Amino acid sequence: MLELANKLKTQAYQWQDIFSQNLFHYYGNDYQPRHMVNVAQALKFPAVVAQFAAEPVYATAMQKGIAHMMHDNGQPEGLAAGTEHMSGNSSVEGVETCTVVEWMQSLETASRNIHDANIGDHLERVAFNALPAQYSRDLKNHSYYTLPNQIKAANGQHGFYQDYGNGLLLSPYSGFPCCRYNLHMGWPYFVKNSALATPEGGVAINTYGPMEISAFVAKGTALKITESTNYPFEEHIYLSLSLPAATTFPLVLRIPAWCASPKVLVNGKPVAGVKPGQLYTINRKWSSADKVTLNFPMQIKIEKQVNNAVSIVRGPLVYSLKIKQTATTIKEHKVAGFVDTEIVPASAWNYGLTLNNTLLANQFVVVKSAMPANPFEGQQSPVTLKAKAKQIPAWTLDYRQTSAFEVPHSPVASTQKTEDIELVPFGSQNIRLSIFPTIGSPKYITDRFTEDFTNNTSEGWVIYGGRWFYKDDAVNCGELENKSSGTYGSKIVATNTKFDDFTFAADITTTGAGDAGLIFRVSDAAIGADAYKGYYVGINPTNKTLEFGKSSDNKWMPIASVTRTLFKLDQTYRIKVKAKGTRFEVYIDNETTPAIAASDGEYKSGNVGLRTYRAMAKIDKVEVIKL
């Protein structure tokens, strides 16, 4: 078996290197290393291999891979976006249902081999937020993709890399057929892996919830643990032990890292040394009717998200805006109860939180009510939060009217009145707003902005479609292999910038047919080739052109172009734009005479960014200087 295991390890993708070194996009057109469901399945690979391989990389590869994915593609419910391949940290990109259950199973498997309390924390974040969000309250219908900011669960295209007209619809046929077969393992596998055997003949409780645990401890003594709790909606967990005779064995309890002041009591007496983020062991002689009480006080916390926006977290639960919903059955299937349902908002959703510098506990009110039959029912949630917010009228549905625009960069100005809003658990609704802008005086980089993508990373950029990734200390855009869905054009925008008059330069290498270049004075960016307001200068070595134009009313409008017969693929050109008022000049390399000089007055200021159209490209050494 070991010989076979080593052979499989050698023949498989080298996931330990992919995870440790953030190599997901380094395999060209090979879809699997960046296809999020495959990646979620592979998360368990290094943890399993660590059992028989001597190399230390296997013990840490999964955790490093998760850190890389969450930095580049992270979402508040604890997963990395993938529609279907990795798709950046946008609030309106999604997670596939298969990804949720496979990610959970990998964490469950890893928990057996890597004794790290953080894995259990992560598993609960996914299970209690992402999993119930993916399907209808009765589990009969699901959404193929679920978004952090999802204003509609309805038919329509979104421009995702792998797009489906019904990919956000609640239906047994939502998206590709895989998820309707895969989603059912989520809760059973989670419960099955909540308790684990220890090598010393004990029991470890890795995740919590109301359940009964039967196990054999010590040298075969039957143990039953009755776990009574409304966790994660309440803070107390009660364990009642039943044994035929007093028996000595270790009981290992995961203490969440998010809990600042955890307490554990045995038969009413507190035990010492309990700390956040540890696997706490109580090794004693246990008797029938012994009781263990865990108290994990939950505090409200703010987590930073894309565009300097925030998510609100309390304990293992992420909270989203409570939105009134209008649900319409648009199709009934042959088996009773299985239907296609569209859900749209029946109340305002475009809110920003009015936060201040006082204690968070004073800015939110926690309201607890009776536990309903289904705690993941938004209209009767056992825990809600009340907060202050203002509407942002300029934040609307995007060009397709199927999704909201990206969450605005915070702080956001609003002259609207302050309102009381309610927040409910992320998983209790099929439409939601879980990444909130904050209200205040806008702050942007306006004088000088540089980016050289050192160490294959960057901050403050938002991806809008396509395959953007970091390699060789540059940002790259890979080929769009699937040309039957999504769009041919994509963008990556520095949303923390705002320039009016400036010089903007970058090194651009186009490695495939099509054009690549700079976008500027950009606003209202969304997924799609021309889904933005602003200007673009792009170089196309295949047809030997340098083109200047703009996107207006979601349509491309050329302004000026020039032919350069010396343009070549795979050669780097430094393109510089000088913009002053309505006048634009475009320079190539070190030339002092502009290759293009033109005028246009539609856009006065906005973000800077990079764009490709039907092209692969490598872009580096970005520099913007205010004039």
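The values are calculated or read from the model by the stated rules, or taken from the named source; none is laboratory data. Note that this is a predicted model, so its numbers are computed, not measured. In this analysis, Cβ positions are derived from the backbone assuming ideal geometry, glycine residues included, and neighbour counts consider all displayed protein chains. Accessible surface areas use protein heavy atoms only, side chains included; no ligands, DNA or RNA. Shrake-Rupley method; radii C 1.70, N 1.55, O 1.52, S 1.80 Å.
Can you tell me the length gained on complete extension of the stretch residue 580 to residue 299, counting 0.36 nm per residue apart and subtracting the Cα distance?
Full extension of this stretch gives 96.2 nm more.
Which of 156, 20, 99 sits farthest toward the positive end of the charge dipole of the stretch 1-157, with +1 on the Cβ of Lys and Arg and -1 on the Cβ of Asp and Glu?
156
Which listed residue (464, 518, 494) has the Cα farthest towards the positive end of the charge dipole for the stretch 460-535, taking +1 on Lys and Arg C-beta and -1 on Asp and Glu C-beta about the Cα centre?
So the residue furthest toward the plus end is 464.
What's the FRET efficiency of residue 568 with residue 52 using the Cβ-Cβ distance as r and R₀ = 56 Å, to the nearest 0.05?
0.65
Using a basic spin-label model with each label point 7 Å from the Cα along Cα→Cβ, how many nm lie between residue 8 and residue 261?
With each label placed 7 Å out from Cα toward Cβ, I get 4.8 nm.
Viscosity 0.890 mPa s, temperature 25 °C: Stokes-Einstein D of the chain from its Kirkwood Cα radius, in µm² per second?
Estimated diffusion coefficient is 94 µm²/s.
Can you say what percent of the DSSP beta bridges in the stretch 317-445, counting only those with both residues inside, are antiparallel? Round to 5.
90 percent
Length gain on complete extension for the stretch residue 377 to residue 365, per 0.36 nm per residue less the alpha carbon to alpha carbon distance?
Full extension of this stretch gives 2.4 nm more.
Carbon and sulfur together cover what percent of the accessible area of the stretch 319-358 at a 1.4 Å probe radius?
In the stretch 319-358, the share of accessible area belonging to carbon and sulfur is 50 percent.
How large, in percent, is the carbon and sulfur part of the accessible surface of the stretch 60-172 at a probe radius of 1.4 Å?
So the carbon and sulfur contribution to the accessible surface is 50 percent.
Just how far, in whole angstrom, is the stretch 168-190 from the stretch 62-85 if you go by their alpha carbon centroids?
With the stretch 62-85 and the stretch 168-190 each reduced to a Cα centre, they are spaced 20 Å.
What shape does the stretch 493-627 have by the C-alpha gyration tensor, where a ≥ b ≥ c are the square roots of the eigenvalues, rounded means a/c under 1.5, and otherwise prolate means a/b greater than b/c and oblate the rest?
Rounded is the answer for the stretch 493-627, as its axis ratio a/c remains below 1.5.
With every protein chain left in place, what is the accessible area per residue of the stretch 220-291 in square angstrom, probe 1.4 Å?
45 Å²
Pull out the extension gain between residue 275 and residue 17, defined as 0.36 nm times the separation in residues minus the alpha carbon to alpha carbon distance; nm, one decimal.
Taking residue 275 through residue 17 to full extension adds about 89.6 nm, to one decimal.
Using label points projected 7 Å from each Cα along Cα→Cβ, tell me how many nm separate residue 138 and residue 591, to one decimal.
6.7 nm
In square angstrom, what is the accessible area per residue of the stretch 480-568 with a 1.4 angstrom probe?
Spelled out: the 1.4 Å probe surface of the stretch 480-568, per residue, equals 33 Å².
For the chain, what is the relative contact order in percent, using Cα pairs closer than 8 Å and at least 6 residues apart in sequence?
After rounding, I find 11 percent.
For the chain, with only Lys/Arg (+1) and Asp/Glu (-1) charged at the beta-carbon, what is the dipole magnitude about the Cα centre, in debye rounded to 20?
Result for the chain is approximately 960 debye, rounded to the nearest 20.
Measuring from a point 7 Å past the Cα of residue 488 along Cα-to-C-beta, which residues in the stretch 515-550 have an amide N at less than 18 Å?
In the stretch 515-550, the label zone of residue 488 (backbone N under 18 Å from the point 7 Å along Cα→Cβ) covers 515-518, 527-532, 536-550.
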